[in-house]
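What follows is calculated from the coordinates using simple rules that are stated; it is not laboratory data. Worth saying up front: this structure is predicted, and the values here are computed from it rather than measured. Ideal geometry is used to build each Cβ from the backbone, glycine not excepted, and the neighbour counts take in all protein chains shown.
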Amino acid sequence: MNESGPAIRVRKLRKSYGGVAAVRGIDLEVAPGEIFAMLGPNGAGKTTTVEILEGYRDRDDGEVRVLGTDPGRAGRSWRARIGIVLQGAADQPELTVAELVGHFASFYPSPRRPAEVIDLVGLTGKASARVRTLSGGQERRLDVALGLVGSPDLLFLDEPTTGFDPGARRDFWAVIRALSGSGVTVLLTTHYLDEAAALADRVAVLSDGVIVAEGSPAELGGRAAGQAVVSWQEFGGTRSERTTEPALLVTSLVSRFGGEVPGLTVSRPSLEDIYLELIGGRP
Amino acid sequence: MTSTAQASAGAPAATGQARAALPGAWRIGLSRGAVELRAFFRERQSVVFILAMPAVMLVLLGAIFSRPHQSAPAISVSDLYVAGLIGGGVMATSYQNLGMSIALERERFTLKRLRGTPMPAAAYFIGKIIQVLVAALAEVAILLAIGVAFYHLRLPAAVSAWWTFTWVFGLGVAACSLLGIAASSVPRSAARNGIAVITLPFMVLQFISGVYVPIFLVPRWLRDIAAVFPLEWMCRGMRSVFVPQAVVLEPGHSFQLGQTALVLAAWLVAGLVLCLTTFRWQNRQAG
């Protein structure tokens, strides 16, 4: 096992289902301790990619190393080093939170203390409550506890804050940052741009089975930040133009209108604008 | 170990080469068994429909058919029901219980989640075996207690009868458990058509195999159909243990225990082959 190498290394990954290509040649590299976000619309290939990395799915082609091991051939000792946060802890409705977390701890060679993990996700007050009595947000935090209790070196988080209220989301982000601070590598998939921007050291945007952009959230924003969008009212509608020299365009508009330009705005594209453009306008 | 070892705030000491050994399949299997038992006995659904159902049926049917049937005046019909419902109860706690619960576990991603942990597959099945054995023995104990308390059932004293009970119970539980595991893969959705695919065939079998209707009242052609499946043989074996005097009602005046062992063993092998070839940790349509 190559411990000094990247936590995840993917080269030319391909996967298709019945002739339909879901992943069309993805390269990825995630460093130990990094929070890496995969962003993209449904059907972009996020889930397929992550499930191949988790060892749930076979690949058609390409090279994959997760913690130095091929997930397609990995054994129990590899599984003991990864944590997978899956949605739907309510599948054991009659067990208590403490029982379920304690039970999952029994699978691992050196688990974290269940009470400590329950505290980390903020469920201490619910430790002796049956799983079926939890709210949606509490269930998701239990999912996270089950993914963490084995003390993983690498944590997979799939859409972790779907259904959270804003306060719970911020608490959750703090948990993930604390984990990352303790050396755990995190691979996150999300629909939410703000989540990727708030958490991730690096972001990859997937569309149609390929990575269309990769970099830190600031870089992704910066790439297009050199451009501005100037828009104004003319001919009974809104016109807009993208330019690297907005002041020049505004000057020419001023001279054309002979003074004030109706409805004039000059804006820099937000991360969201850039994201939407990258994925071809599909939210 | 460079980058992860130095930043250890909040993380446990054991990472990388310092990892402890993986817990063994038996240890995790016992932990699974404890969790499975808690889930089973706390779930109203399983306690009512699997554990209590045969007991309720025994109380009802035993009360309704309290007098011996004219064709066999020496045999108490309630005793026949005790034996028949033990057969049915064993199949309910193995086949129906596992078929429905594993289908649900697959649908709710319980199996997928477990597959993502270092739990060995053997531990999962050890847990199921523990749960089924405890539930099936509890079922038998309840039915025998009702039989003894209300219907003057007399428990056999002979060791040979209890030996027969042990192997009929063991083979029956094993074969029906494997068939239940195999059946769990059949319904597309446990919630929507699990009852039709898993429970309905079992209901039909209970009517024609001597569980709900005394076997001597079942028409010959239905009995021939029932004899293909394990339940009829399990009930027959249980009659030989708990109502030996009913041998006069059996075809050829024999319980045919040798054949019972053969049929149950054959179903055990068939069930094992089905499980090994069809068991999946995730649903087909999971994309």
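Magnitude of the charge dipole for region A:1-79, about its Cα centre and with charges confined to Cβ atoms of Lys, Arg (+1) and Asp, Glu (-1), is about 180 debye.
Summarising the amide proton neighbourhood of A:Ala22: residues at separation of 5 or more, or on other chains, whose placed amide H is nearer than 5 Å comprise A:Lys15, A:Ser16, A:Tyr17. If you run the Gaussian network model on chain A, springs between alpha carbon atoms under 10 Å, then out of A:Gly137, A:Gly83, A:Gly263 the most flexible one is A:Gly263.
Just the number, please: percent antiparallel of the DSSP beta bridges in the protein assembly as shown, rounded to the nearest 5.
Taking every DSSP beta bridge within the protein assembly as shown, about 60 percent pair in antiparallel fashion.
A simple charge model with +1 on the Cβ of Lys and Arg, -1 on the Cβ of Asp and Glu and nothing else charged puts the dipole of region A:8-221 at about 400 debye relative to its Cα centre.
Between 0 and 90 degrees, the angle of helix B:230-242 with respect to the longest Cα principal axis of chain B falls at about 60 degrees.
For the protein assembly as shown, a simple Cβ point-charge model (Lys and Arg +1, Asp and Glu -1, everything else neutral) yields a dipole of about 1380 debye relative to the Cα centre. DSSP beta bridges confined to region A:1-144 are antiparallel in about 100 percent of cases. Modelled label positions at A:Arg73 and A:His191, each set 7 Å beyond Cα in the direction of Cβ, lie 3.9 nm from each other.
Taking the charge dipole of chain A about its Cα centre, with +1 at Lys and Arg Cβ atoms and -1 at Asp and Glu Cβ atoms, the residue from A:Val175, A:Gly136, A:Ser110 reaching farthest to the positive side is A:Ser110.
In percent, rounded to a whole number, the relative contact order of chain B is 26, using alpha-carbon pairs under 8 Å and six or more apart. Largest mean-square fluctuation among A:Leu264, A:Leu187, A:Leu199, in a Gaussian network model of chain A whose springs join Cα atoms under 10 Å apart, belongs to A:Leu264.
Residues A:Phe164, B:Phe49 in ascending order of nearby Cβ atoms (within 10 Å, fewest first): B:Phe49, A:Phe164.
The GNM of chain B, with springs linking C-alpha atoms under 10 angstrom apart, assigns the highest mean-square fluctuation among B:Ala21, B:Ala266, B:Ala122 to B:Ala21. Considering only alpha-carbon pairs that sit under 8 angstrom and 6 or more positions apart, the relative contact order computed for region A:8-221 is 30 percent.
Farthest towards the positive end of the charge dipole of chain A, among the residues A:Pro93, A:Leu248, A:Met38, is the Cα of A:Pro93, using unit charges on the Cβ of Lys, Arg, Asp and Glu. Relative to the dominant Cα principal axis of chain B, helix B:77-91 is inclined by about 20°. Over the residues of the protein assembly as shown, the helix contribution to mean residue ellipticity at 222 nm works out to -14500 deg cm²/dmol, using -39500 (n - 2.57) for each DSSP H run of at least 4. Coupling constants for region B:145-160 follow from the phi torsions by the Karplus curve (6.51 cos²θ - 1.76 cosθ + 1.60, θ = phi - 60°), and in residue order they are 5, 5, x, 5, 6, 9, 10, 6, 5, 10, 6, x, 9, 6, 4, 4 Hz; glycine and proline get x.
In plain terms, the residue of B:Trp26, B:Trp267 with the fewest other Cβ atoms within 10 Å comes first and the most crowded comes last, giving B:Trp26, B:Trp267.
Would you please give the FRET efficiency between B:Gln45 and B:Phe65, computed as 1/(1 + (r/R0)^6) with r the Cβ-Cβ distance and R0 = 30 Å, to the nearest 0.05?
Numbers: r = 29 Å, r/R0 = 0.96.
For B:Gln45 and B:Phe65, the calculated efficiency is 0.55.
Taking amide H atoms as placed 1.01 Å from N in the peptide plane, the amide H of A:Ser207 lies under 5 Å from those of A:Val212, each 5 or more residues away in sequence or on another chain. Here's the picture: charge each Lys and Arg Cβ at +1 and each Asp and Glu Cβ at -1 in the protein assembly as shown, and of A:Thr48, A:Val210, B:Ser46 the one pushed furthest to the positive end of that dipole is B:Ser46.
Of B:Tyr81, A:Tyr17, the sequence from fewest to most neighbouring Cβ atoms within 10 angstrom is A:Tyr17, B:Tyr81. Give the shape of region A:227-267 as rounded, prolate or oblate, defined through the alpha-carbon gyration tensor: a ≥ b ≥ c are the square roots of its eigenvalues, a/c under 1.5 means rounded, and otherwise the shape is prolate if a/b is larger than b/c and oblate if not. Note, shape of region A:227-267 comes out oblate. How far, in degrees from 0 to 90, does helix B:53-64 lean away from the longest principal axis of the Cα atoms of chain B, to the nearest 10? Once rounded, one gets 10 degrees.
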